[in-house]
């Protein structure tokens, strides 16, 4: 239900050992795992890892570690953005929570260290500003094909779901020893 979290999760990772990139299906599964109402399943786990079918377990583990290294910062960013929305709704004006500025600094460092452009952070902040403005104006935004007005109850629901999303992502990003083994 909360596809707007898409802009919060940007994981440009490539495993050079077995030449696997995150494809559309993997991105959709990652976004699904961030939804408040999502559930982890073995089927999703296997679908996520399918592009690595020709990789060794060690290569999958390396790819997993690269992806897992981005999870804490992305979750921190999600929380900071939703805290900014909450603070803005409370004060009825656009306010960025102090944790958001800290997140932006860490994110900039992370992008620079990987040789990625930092200017994408301006676009992220612009999207957050637009989301806050829509929330303040009680204008519906499209989420999963439905118009949803972001209010305090939605903010609380998302903030409460961020920790659970992190746990689901960690389960998803645990590499299977083999792709079709039971219990992976």
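The values are calculated or read from the model by the stated rules, or taken from the named source; none is laboratory data. Just so it is clear, the model here is predicted, and its values are computed rather than measured. Counting neighbours? That spans all protein chains shown, and the Cβs are built from the backbone with ideal geometry, glycine included.
Residue 64 meets the conditions (1) out of contact with any helix residue (DSSP H, G or I) (no Cβ under 7 Å at 6 or more places or on another chain); (2) crowded, with 19+ Cβ neighbours inside 10 Å; (3) outside any helix (DSSP H, G or I) in every case but one. The failed one is (3).
Looking at residue 144, is it touching a helix residue (DSSP H, G or I) at 6+ places or on another chain (Cβ under 8 Å) and on the phi > 0 side of the Ramachandran plot? Yes, satisfied. (1) under 25 Å from residue 112 (Cα atoms); (2) touching a helix residue (DSSP H, G or I) at 6+ places or on another chain (Cβ under 9 Å); (3) surrounded by 15 or more Cβ atoms within 10 Å (Cβ to Cβ); (4) modelled with pLDDT of 85 or more: which one isn't true of residue 72, the others all being true? If we test residue 72 against (1) under 25 Å from residue 112 (Cα atoms); (2) touching a helix residue (DSSP H, G or I) at 6+ places or on another chain (Cβ under 9 Å); (3) surrounded by 15 or more Cβ atoms within 10 Å (Cβ to Cβ); (4) modelled with pLDDT of 85 or more, just (3) comes out false. Scanning region 130-146 for residues that are exposed (fewer than 14 other Cβ atoms within 10 Å of the Cβ) and either under 11 Å from residue 82 (Cα atoms) or modelled with pLDDT under 90 (or both) returns 142, 144, 145, 146. When we screen 40, 48 for residues that are assigned to a helix (DSSP H, G or I), in contact with a helix residue (DSSP H, G or I) (Cβ under 6 Å, 6 or more places away or on another chain), more than 30 Å from residue 134 (Cβ to Cβ) and modelled with pLDDT of 90 or more, the only hit is 48.
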